[in-house]
Amino acid sequence: MCGHRPQFRVISSAHALAAPVLRGTRRIYLLSGVAAVVSGMMFAVLADGFVSVLLLYGLTGLCSGACGKC
């Protein structure tokens, strides 16, 4: 069972809304995985101050959460 239930609800709701638009769960999973990799690389390259670290770390966490990691 996932320990972060409110976040899990948000992710599940976003997935339910995005599934018809993106036409399938495989595409959602693939795109969120690519977004997690790209945001992680951006964090490694571009994070140099508090604000940039805060924003890029949040983006990386958001993208990684969309992959179903919990």
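Annotations for the structure displayed:
- Pair list, Cβ under 7 Å, 6 or more apart: region 23-47 residue at pLDDT 80 or above and assigned to a helix (DSSP H, G or I), other residue of a type in the set (A, V, I, L, M, F, W, C) and exposed (fewer than 12 other Cβ atoms within 10 Å of the Cβ): none
- Applying a threshold of 6 Å to beta carbon distances and a minimum spacing of six or more residues, or different chains, the list of pairs starting in region 55-70 at a residue that is surrounded by fewer than 17 Cβ atoms within 10 Å (Cβ to Cβ) and ending at one that is modelled with pLDDT under 75 reads Cys70/Cys2.
The values are calculated or read from the model by the stated rules, or taken from the named source; none is laboratory data. Values in this document were obtained by computation on a predicted structure and should not be read as measured data. Cβ coordinates were reconstructed from backbone atoms using ideal geometry, including for glycine residues, and neighbour counts include every protein chain displayed.
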